[in-house]
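The values are calculated or read from the model by the stated rules, or taken from the named source; none is laboratory data. Worth saying up front: this structure is predicted, and the values here are computed from it rather than measured. Quick reminder, even Gly has a Cβ in these numbers, built from the backbone with ideal geometry, and neighbours come from all protein chains shown. When the accessible area is computed, the model is the full protein with side chains, heavy atoms only, and any ligands, DNA or RNA have been set aside. Shrake-Rupley method; radii C 1.70, N 1.55, O 1.52, S 1.80 Å.
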Amino acid sequence: MVERTLSIIKPDAVPKNIIGEIIKRFETAQLKIVAIQMRHLSKKEAEAFYYVHRERPFFDSLATFMSSGPIVAMVLEGEQAISKNRSMMGATDPKKADKGTIRADFGGGIETNVVHGSDSPASAAFEIPFFFSQLDLVR
Ligand code: ATP
Ligand code: MG
């Protein structure tokens, strides 16, 4: 089934000049970019994006990190895009991520883990419109 998922290249990754490397991996895996933007979230915006984690002990730190610098938000489209992107990302903690995954290759720590990806159709349905309007999505 063709799906769409939200991918974010996080603030730790942008200064490492690996935007192109990460996008190349998605394209090689037949995930198409149907929307893309670079922006610097405010802390309030980062809190709103990660609202599901509001009760977690790391929530404040996560929102501070996600608003610490520019990010690249993208919509990826392809067969099983949601699970495909999640397996390409690797486990949340880069130390536990499988070899060859984006987080294993470029991650610093559990917070500075390079990329975000929607984890279900329901989260994609919340996260895509958070960044993109219907008109931003090419077809
Ligand atoms: P993401 O939602 O960013 O794709 P994920 O789904 O692998 O990552 P979540 O459990 O949704 O992991 O956590 C969201 C983000 O919060 C993680 O990517 C990480 O940056 C941060 N995080 C998760 N667990 C911790 C933790 N124990 N300590 C600090 N930060 C954490
Ligand atoms: Mg998550």
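Near Lys96, which aspartates and glutamates are there with a Cα under 16 Å away, not counting those fewer than 8 places off in the same chain?
Asp105, Glu111
Given springs between every Cα pair under 10 Å in a Gaussian network model of the chain, which of Val114, Val34, Val75 has the largest fluctuation?
Looking only at Val114, Val34, Val75, the largest GNM fluctuation is found for Val34.
Which residue, Leu76, Ala48, Ile23, has the largest displacement toward the positive end of the dipole of the chain when charges sit on each Cβ (Lys, Arg +1; Asp, Glu -1)?
Checking the options against the dipole of the chain, the answer is Ile23.
Could you check how many percent of all C-alpha pairs in region 2-133 are farther apart than 27 Å?
That tail contains 9 percent of the Cα-Cα pairs.
Using a 1.4 Å probe, what is the accessible area per residue for the chain, in Å²?
Ligands and nucleic acids excluded, the figure is 54 Å² per residue.
Name the trypsin sites (Lys or Arg not before Pro) in region 1-60 that are in a loop by DSSP and that have at most 13 other C-beta atoms within 10 Å, would you?
Loop-located and lightly packed - Arg54.
So, with a 1.4 angstrom probe, what is the percent of accessible area on region 81-120 that is carbon and sulfur?
Summing carbon and sulfur atoms, their accessible area is 51 percent of the total for region 81-120.
Calculate the length of the line joining the C-alpha centroid of region 16-47 to that of region 103-133, in whole Å.
9 Å
Suppose every K and R has +1 on its Cβ and every D and E has -1 on its Cβ; what is the size of the dipole of the chain about the Cα centre, in Debye to the nearest 20?
It comes to approximately 180 debye.
By a straight-distance test (C-alpha under 22 Å), which lysines pair with Lys95 as possible cross-link partners, with residues fewer than eight away in the same chain excluded?
Once the sequence-local lysines are set aside, what remains near Lys95 is Lys10, Lys16, Lys84.
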